[in-house]
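Encoded as structure tokens, the structure appears first; notes follow it.
The values are calculated or read from the model by the stated rules, or taken from the named source; none is laboratory data. Note that the coordinates shown come from a computational prediction; the quantities given were computed from them, not determined experimentally. Every residue, glycine among them, receives a Cβ derived from its backbone with ideal geometry; neighbour counts consider all protein chains shown.
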């Protein structure tokens, strides 16, 4: 059998790719919640063309619909591309020393993440207890405590109503976000906010470990709360 001919680009395909990229740029400029009508007007594209491009980008996870279904926001794949393109974030020696002390005290996964332009950027992952799936964290942040904490402050993650309610309850009670048994059975994670001098959310110190340590987090929080406070001026 002769080999199948290699696929070739038609004259219209490069234009379609360019149009899709301009839609992504428009959503980035207009911000989360931009409607199809606003995007169409911003780009001068026909309404039907805009809807078709938006639907394709949602299907491929470059865009997501906002919870009220009225608008669009940048999706997980854009976050993954941005994370790859961005220069790696590194903690200072002083910050690493603080984190090392926490790891020695807790003997579990202690990770530090920063929130950069609405993205979760892992600045220091525990080498002895690695993150289970960093790429999934970028794709599905609402499944992790780090993403839930960010969403609680910004409303930017695609989480279901029960998760939103549970996270609000956890923050009210403990000041942290949690996830228990949803990613790995028998395990969970919690995220303690790191704030800048103005009180804005800058990042989080995250603990991942056995379920019982997340369900009853007082012992873990006794260590991590002061760590988060000490990290604030060291990472912003």
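What to note about this one:
Residues checked against (1) touching a residue at least 40 places away in the same chain (Cβ under 8 Å); (2) in contact with a helix residue (DSSP H, G or I) (Cβ under 8 Å, 6 or more places away or on another chain); (3) assigned by TED's automatic domain parsing to the domain that holds residue 214; (4) not in a helix (DSSP H, G or I):
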{"residue": "96", "(1), (2), (3), (4)": "no, no, yes, no"}
{"residue": "99", "(1), (2), (3), (4)": "yes, yes, yes, no"}
{"residue": "104", "(1), (2), (3), (4)": "no, no, yes, no"}
{"residue": "112", "(1), (2), (3), (4)": "yes, yes, yes, yes"}
{"residue": "115", "(1), (2), (3), (4)": "yes, yes, yes, yes"}
{"residue": "128", "(1), (2), (3), (4)": "no, yes, yes, yes"}
{"residue": "132", "(1), (2), (3), (4)": "yes, no, yes, yes"}
{"residue": "137", "(1), (2), (3), (4)": "no, yes, yes, no"}
{"residue": "142", "(1), (2), (3), (4)": "no, yes, yes, no"}
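- Identity of the residue in segment 82-113, under 19 Å from residue 192 (Cβ atoms) and under 17 Å from the mean Cα position of the chain (by Cα), that ends up modelled with the lowest pLDDT: 89
- In the set (1) surrounded by 19 or more Cβ atoms within 10 Å (Cβ to Cβ); (2) at pLDDT below 90, the condition left unmet by residue 145 is number (2).
- Any pair with Cβ under 6 angstrom, 6 or more apart, that starts in segment 211-235 at a residue that is without any contact (Cβ under 8 Å) to a residue 12 or more places away in the chain and not assigned by TED's automatic domain parsing to the domain that holds residue 196 and ends at one that is surrounded by fewer than 19 Cβ atoms within 10 Å (Cβ to Cβ) and part of a loop (DSSP other than H, G, I, E, B): none
- Total residues in segment 196-206 satisfying the condition of being touching a strand residue (DSSP E or B) at 6+ places or on another chain (Cβ under 6 Å) and farther than 10 Å from residue 224 by Cβ: the figure is 4.
Listed here are the residues, each with its yes/no results for (1) in the same structural domain as residue 220 (by TED's automatic domain parsing); (2) in a strand (DSSP E or B); (3) in contact with a helix residue (DSSP H, G or I) (Cβ under 7 Å, 6 or more places away or on another chain); (4) at pLDDT 90 or above.
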| site | (1), (2), (3), (4) |
| --- | --- |
| 162 | yes, no, no, no |
| 166 | yes, no, no, yes |
| 170 | yes, no, no, yes |
| 185 | yes, no, no, yes |
| 189 | yes, yes, yes, yes |
| 194 | yes, yes, yes, yes |
| 199 | yes, no, no, yes |
| 203 | yes, yes, yes, yes |
